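Engineer: Starting off with a structure, shown below.
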Amino acid sequence: MRDFAPAPRRRPRARYLLGAAILLAAVLVGLALRSPDPLAVLREQAPALLGVRREAAPELGPRVERWWIAVASGDTHTALWRPAPASEAKPCTFVLLGGLRTGDRAALLVPDSLGVHVLAVDWPWRGPRAMSPAQLLRSLPAIRRAILRSPGALALGVELAAREPGVDPNRIVLVGASLGAPPAVAALRLVSAPRACALVHGAADLEAIFQHALREHVPGPLVSPAAALAARWIRPLEPRLHAPALQAVPFLIINATDDEKLPPRAIAALHQAFPHADVRWESGRHLRPERSALIAALSREVVDWVESLDATPSARAATLDPSRGSPERLDGEESRMPEPSLERATLAGGCFWCLEAVYLELGGVESVQSGYAGGHVPNPTYEQVCSGRTGHAEVVQIEFDPATITFRELLEVFFTIHDPTTLNRQGADVGTQYRSGIFYHSPEQKAAALQVMAEIAASGIWEDPLVTELVPLETFYPAEDYHQDYFRRNPSQPYCRAVVAPKVAKARAKFFEKLKR
């Protein structure tokens, strides 16, 4: 993810030629490109490791080594490695992508006094950094290859760092700084070693980032279409595509309050993609290599954050395998059979974290499992469901004792804690996966649901008509483990504080007599 600066002091005519060249190239590439699975593309661009040649670089500082990383494609990645001083008892390890200006010497920007291992992998571009419009046009295919290879290069860096003496794989942090944030997020899909990820002055929404950058180089009318096609060009690096598979990974996100390089829309998109992240702000402008004091302070903040994770062993309960899910869900069967006296109800009312948190507090409810229902793709992942293309809704499946709480009573709670009149939407959550629905298990449940819905419609509680879907349950697929019991395990997460907690409080107040004692 790099923006190439054209040669300086262009005449106005050159500006228009550059804009036309970028737009023409983007159109041609956009027409030629399909929309393949982003993870499959990243894996194709991450060839296997062949070997590493190492050489001491005392002129760069104590303990610094140059690495040449050979891969099966015939390419060689370069990197700088600086281990922590031997006196450090339990150092963490930073793995990062070198910047456009710094290259692998980004490792030297992290203060040696911090006492961490650092590996900076130069991003895989060997061409010039400043180009004329004609050079840029000719180099576009090579630039794209370099951009798409950057996550694989980072992943190899993580793998190699984990092998080093004195490196604890559980204390490796993948660091994405500035425009290195998208490759860092994408690299997490290719590895399992990093304990966590820190994104410093980064953003998501590649189209917004391109729009912001191209304004300086492209005529106004061409900015939006060029940005849209450029974002499609490197779509596999879009952080929002990978975020659903990484919700179990601890994230630290630090942004600048007056960032002149990244548009607020793109920064907000990153925060929204990782609602569980520890989001922090620091006053000032965008990070630059010469701002050594700021880099030292940010590096210390990342180390302190990693130390805080060590105090929370459950901070990373799930692995980074994007196909996460228990073995029971592979065959599409429900994960366990209920007790003979129990019944099941399956309901969709927006984000399943909200429904789960409310129903777990009701007396007579034995268990609540978040999952997916109503779609046409077997064994869907969260990422697939969020795309809106599988047809599934986010649902909760409730096991309850009808002698204590009836199905009708569950529906009374259901129609109180979500809006059944907004089609494919609950608040800011928009998409068919957030639709309102009742997936009945028996004719008796269907009859009860029809009666409750008729009573609500007649009462005039809602000004608009109900849009709740009432269909038989075909197959329920449990969601990934990290979604289960989410509110209880993550009460301080921003989405939980802003959305889930108010719904829980509302249910507690209205249905106090139904709460577990």
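Engineer: What list do you get for Asp104, Asp37 if you sort them by fewest beta carbons within 10 Å?
Structural biologist: Working: Asp104 23, Asp37 12.
Ordered by Cβ neighbours within 10 Å, fewest first: Asp37, Asp104.
Engineer: A further question on this structure: Take every DSSP beta bridge whose two residues both sit in the chain, then give the antiparallel share in percent to the nearest 5. If you can, show how the numbers build up before the last one.
Structural biologist: Details: 41 of 70 bridges.
Counting DSSP beta bridges with both partners in the chain, the antiparallel share is about 60 percent.
Engineer: Taking R0 as 41 Å, what FRET efficiency do you get between Glu44 and Glu301 from their Cβ-Cβ distance, rounded to the nearest 0.05? Don't skip to the answer; put the middle values down first.
Structural biologist: Numbers: r = 36 Å, r/R0 = 0.87.
After rounding to 0.05, the efficiency reads 0.70.
Engineer: Same structure again: Give the aspartates and glutamates reachable from Lys510 as a straight Cα distance under 18 Å; neighbours fewer than 8 places away on the same chain don't count.
Structural biologist: Excluding near neighbours in sequence, the set is Glu356, Glu361, Glu409, Glu412, Asp419.
Engineer: Next question. Using Cβ contacts closer than 10 Å as the measure, can you line up Ser436, Ser442, Ser113, Ser178 from fewest to most? Please list the in-between numbers first.
Structural biologist: Numbers: Ser436 25, Ser442 13, Ser113 10, Ser178 22.
Ascending number of Cβ neighbours within 10 Å: Ser113, Ser442, Ser178, Ser436.
Engineer: Please rank Thr346, Thr422, fewest neighbouring Cβ atoms within 10 Å first, as an exposure proxy. Spell out each step's value before the answer.
Structural biologist: Working: Thr346 23, Thr422 17.
By the 10 Å Cβ count, ascending, the order reads Thr422, Thr346.
Engineer: Using only Cα atoms, find the angle between the long axis of helix 12-32 and the longest principal axis of the chain, and express it within 0 to 90 degrees, rounded to the nearest 10.
Structural biologist: For helix 12-32, the angle is close to 50 degrees.
Engineer: Right, another one. Gain in length, Arg101 to Asn170, computed as 0.36 nm per residue apart minus the alpha-carbon separation, to one decimal in nm?
Structural biologist: Additional length available on full extension: 21.8 nm.
Engineer: Find out how many positive minus negative residues lie around Asp304, taking Lys and Arg as positive, Asp and Glu as negative, among other residues whose Cβ is under 12 Å from that of Asp304.
Structural biologist: Numbers: positive: Arg280, Arg300; negative: Asp278, Glu301, Glu307, Asp310.
Around Asp304, the charge tally is -2.
Engineer: Under the definition of Cα pairs under 8 Å and six or more residues apart, what whole-number percent is the relative contact order of the chain? Spell out each step's value before the answer.
Structural biologist: On the way: 994 pairs, mean separation 62.4, N = 517.
Reported relative contact order: 12 percent.
Engineer: How far is helix 501-510 tilted off the main Cα axis of the chain, in degrees rounded to 10, range 0 to 90?
Structural biologist: Result, in degrees: 10.
Engineer: With semi-axes √(5λ) of the Cα gyration tensor in Å in mind, check (1) 40, 31, 19; (2) 46, 27, 20; (3) 38, 34, 23 and report the label derived from this structure.
Structural biologist: This structure yields the entry labelled (2).
Engineer: I need the calculated FRET efficiency for the pair Ser113 and Ala57, taking r as the beta carbon distance and R₀ as 25 Å, to the nearest 0.05. List each step's numbers first, then the result.
Structural biologist: Working: r = 19 Å, r/R0 = 0.76.
That gives a FRET efficiency of 0.85.
Engineer: Using helices alone, what [θ] at 222 nm do you get for the chain, with -39,500 (n - 2.57) per DSSP H run of 4 or more residues, divided over all residues and rounded to the nearest 500?
Structural biologist: Details: 15 runs with 178 residues, N = 517.
Result for the chain, helices only: -10500 deg cm²/dmol.
We did not get these values from a lab; they are worked out from the coordinates using the rules stated. No experiment lies behind these values; they were computed from the predicted model shown. Quick reminder, even Gly has a Cβ in these numbers, built from the backbone with ideal geometry, and neighbours come from all protein chains shown.
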